[in-house]
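Worksheet for the structure shown next.
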Amino acid sequence: MSIYTVKKEFDWAGPVSERVVKLCRMFGVTLERLADRGPVHQCSLQIEPGDIVCITGPSGSGKSVLLRELEQSIPAGDRINLDDIRLPDDQTVIDCFDSDLVTSLQTLTAAGLGGVFGLVNRPCLLSDGQKYRFRLARALAMGRPFVFADEFCSELDRITAATVAFNAARFVRRARTTLIVATSHDDILMDLSPDAIVVKDFTSPARVIYKTARRS
């Protein structure tokens with residue numbers, strides 16, 4: 001088990017206009033206090049190989065910040081982010097996978113991408129939802145110890161999102177790949193069944209809820 005502690009602070013550095021001063025007075029906030037109350041995003045996580053971590057909370061609460069900080073704490077060669085997966089225009093979907101055909105199909109199925117017409121198409125021509133699932137499949141196929149996904153399954157309809165979350169969770173647990181995602185959609189939590197949930201809101205420190213008790 002490894003412990004990852006991340007912290008990111010942002011200083012308020014906006015221009016002090018007349019409207020800003022008036023607004024602060026309306027709320028009883030001095031400029032000095034405003035400067036001292038920049039957002040702080042931090043958490044400490046205990047992670048085992050094959051764990052699924054879900055960072056959840058409302059939009060704008062800092063989920064993506066925590067995800068990026070956690071990603072940067074992992075050596076570059078041990079991680080992949082779905083946003084870094086390119087969409088080739090010179091290969092079909094199935095030809096983007098180096099493993100044998102059956103293994104490739106299993107990975108694609110785990111990401112919710114199937115059907116012969118989709119698999120023989122070029123990734124750059126897929127629908128937005130299919131492109132997302134292609135990126136997920138490619139990330140899973142790379143075999144890196146850590147996979148990061150911001151706005152996990154947010155581009156998918158909710159039924160498809162639940163199916164993809166369930167199958168991806170089963171895949172990474174078998175492969176002992178750690179999947180760390182951020183999402184504001186809590187409807188997939190049951191299907192994803194994360195080992196740790198990081199609850200992020202606008203004011204309070206992030207709370208970590210583990211599925212099973214962990215030693216400190």
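Over 16 Å apart: what share of the alpha carbon pairs of segment 16-112 falls there, rounded to a whole percent? Provide the component values of the computation, followed by the final result.
Values: 3507 of 4656 pairs.
Cα-Cα pairs of segment 16-112 separated by over 16 Å account for 75 percent.
Count the lysine pairs in the chain whose Cα atoms sit under 19 Å apart, keeping only pairs 8 or more residues apart in sequence or on different chains. Can you show the working numbers first?
Values: LYS7/LYS63; LYS7/LYS200; LYS8/LYS63; LYS8/LYS200; LYS63/LYS200; LYS200/LYS211.
Summing the qualifying lysine pairs gives 6.
Give the long-range amide H neighbours of GLN42: residues separated by 5 or more places, or on another chain, with amide H under 5 Å away, using H modelled in the peptide plane at 1.01 Å from N.
It is LYS8, ALA206, by chain and number.
Kindly provide the helix-only [θ] at 222 nm of the chain, computed as the sum of -39,500 (n - 2.57) over DSSP H runs of four or more divided by all residues, to the nearest 500 deg cm²/dmol? Numbers along the way, then the final one.
Working: 8 runs with 75 residues, N = 216.
Calculated mean residue ellipticity at 222 nm is -10000 deg cm²/dmol.
Take the Cα radius of gyration of the chain and divide it by 2.2 N^0.38 Å, with N its residue count; two decimals is plenty. Spell out each step's value before the answer.
Numbers: Rg = 20.0 Å, N = 216, 2.2 N^0.38 = 17.0 Å.
Output field value: 1.18.
The numbers here are math on the coordinates, done by the rules we state, and not lab data. On a predicted model such as this, the values are computed, not experimentally measured, just so you know.
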